[in-house]
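K.L.:
Could you have a look at this structure, given as structure tokens, before my questions?
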């Protein structure tokens, strides 16, 4: 048995049934590796005649030396006649909602993307903790959840949160925020149920406020005004990089982060597409139309690696984009237009032009066809034509004019038989 060090942990792997490595310095202290490759520090001991195993911490949360130090303290409890696993279980049953949220953040978000985690942390910190944080998890009822939703909708958790240097968050309430927060909280309480911290999920069955769908589509005239505003900003010495971000968003239908974080090595010039290694729905390929490809070609200037839109932020020139976007939409007399509406407009042009929802969904990178179904009402030219034809025939028949009213198949058969 080796001493558990960082080198040993990094090199450790599991077979089909998982594996354990036990420390030769501290008896009962070990490393568990699951079949999925998750590594955790554990202790194993006997208490009241039975063997117990307890997780100390995941690798990464603690170093091997920190975990060994904690394990030594826990094993000392056993030597004094106390069961640390039972004590921890009892403590978890006495958790407050705030502590449950922290536990969920630490252990329940492992499969979520960083952007989703940041968003969820904000909802828990700004809405759930201020209103329910001090309550015990076991005491929360369905009525508490219903009041929470009403309070968030009424703005009781609204705040002006000041962060670090030039950092500020304006936290608002509203029915949409309340509904989304309840969706997250349902996951938190289901996590508690799975961990045996309470027997049921109090959020389940609570009717959530309906969320207002923000589906704004630019008309051709509005697109022309926006394009003119962007061109004028460039002519006046505006930020060309930020303007190109907006233009490429409009020409590809991509999400903002997919374009501000775009790198030249992801552009496949031969196949005219962008190969994103990750996105909201995972890795995806974004086909490039001729106009989008032309814009990227003009910007390339011999570059084959690095950010397409360099900026001071980790995800590109985000701050400059917001400034340019605000100026452009004000100048185009579209003050309520969101930058995400460019993605909706991309889809609306395709739907109005006769492209199928399957094709539009593939262009936008939708995994779920129901997400693309919101554009179905725009593909209405065949329906409009059918409505015109049917209404015209009925109107002609009612006026006694010759109309093409087709009898039902059964009626035709009866007529032939007679």
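K.L.:
If I stretch the segment between residue 141 and residue 1 completely, what's the gain in nm (0.36 nm per residue apart, minus their alpha carbon distance), one decimal?
P.N.:
Values: separation 140, 0.36 × 140 = 50.40 nm, distance 4.96 nm.
Value of the extension gain: 45.4 nm.
K.L.:
If you don't mind, there's one more thing I want to ask. Take the Cβ-Cβ distance between residue 51 and residue 358 as r, set R0 to 41 Å, and report the resulting FRET efficiency rounded to the nearest 0.05.
P.N.:
Numbers: r = 56 Å, r/R0 = 1.36.
E(calc), rounded to 0.05, equals 0.15.
K.L.:
Checking the a/c ratio against 1.5 first, then a/b against b/c, what shape does the Cα gyration tensor give for segment 97-194? Can you show the working numbers first?
P.N.:
Details: a/c = 1.73, a/b = 1.14, b/c = 1.52.
Taking the square roots of the gyration eigenvalues as a ≥ b ≥ c, segment 97-194 is oblate.
K.L.:
How big is D for segment 6-87, in µm² s⁻¹ as a whole number, if Stokes-Einstein is applied with the Kirkwood radius of its Cα pairs at 37 °C and 0.692 mPa s? Don't jump to the answer; show the numbers that get you there.
P.N.:
Numbers: Rh = 13.0 Å.
In µm²/s, the coefficient is 252.
K.L.:
Please state the equivalent ellipsoid semi-axes for segment 46-172: what are the square roots of 5 times the Cα gyration tensor eigenvalues, largest first, in whole Å?
P.N.:
Values: eigenvalues 256, 83, 27 Å².
Over the Cα atoms of segment 46-172, the ellipsoid semi-axes are 36, 20, 12 Å.
K.L.:
Tell me, what is the FRET efficiency for residue 228 and residue 272 to the nearest 0.05, using R0 = 30 angstrom and their Cβ-Cβ distance as r?
P.N.:
Using R0 = 30 Å, I get an efficiency of 0.65.
K.L.:
Residue 326 to residue 80: extension gain in nm, 0.36 nm per residue of separation minus the Cα-Cα distance?
P.N.:
Details: separation 246, 0.36 × 246 = 88.56 nm, distance 6.56 nm.
Gain on stretching residue 326 to residue 80: 82.0 nm.
K.L.:
May I ask you to order 127-137, 197-207 by the average number of other C-beta atoms within 10 Å around their residues, highest value first? Write out the running numbers ahead of the final one.
P.N.:
Numbers: 127-137: 18.3, 197-207: 15.5.
Averaged packing, sorted descending, gives the order 127-137, 197-207.
K.L.:
I'd like the FRET efficiency for residue 112 and residue 20, computed as 1/(1 + (r/R0)^6) with the beta carbon distance as r and R0 of 25 Å, rounded to 0.05. Mind showing how you got there, number by number?
P.N.:
Values: r = 28 Å, r/R0 = 1.13.
So the FRET efficiency works out to roughly 0.30.
K.L.:
Working out 0.36 nm times the residue gap between residue 36 and residue 61, then minus their Cα-Cα distance, what length gain in nm do you get to one decimal? It would help to have the intermediate numbers written out before the result.
P.N.:
Working: separation 25, 0.36 × 25 = 9.00 nm, distance 1.76 nm.
Gain on extension, residue 36 to residue 61, equals 7.2 nm.
K.L.:
If I model a spin label as a point 7 Å beyond the Cα along the Cα-Cβ vector, how far apart are those points for residue 156 and residue 99 in nm?
P.N.:
2.4 nm
Where a number appears in this text, it was derived from the coordinates with a stated rule and is not lab data. Not measured: the values here are computed from a predicted model. Using ideal geometry, Cβ is built from the backbone for each residue, glycine included, and neighbour counts are taken over all protein chains shown.
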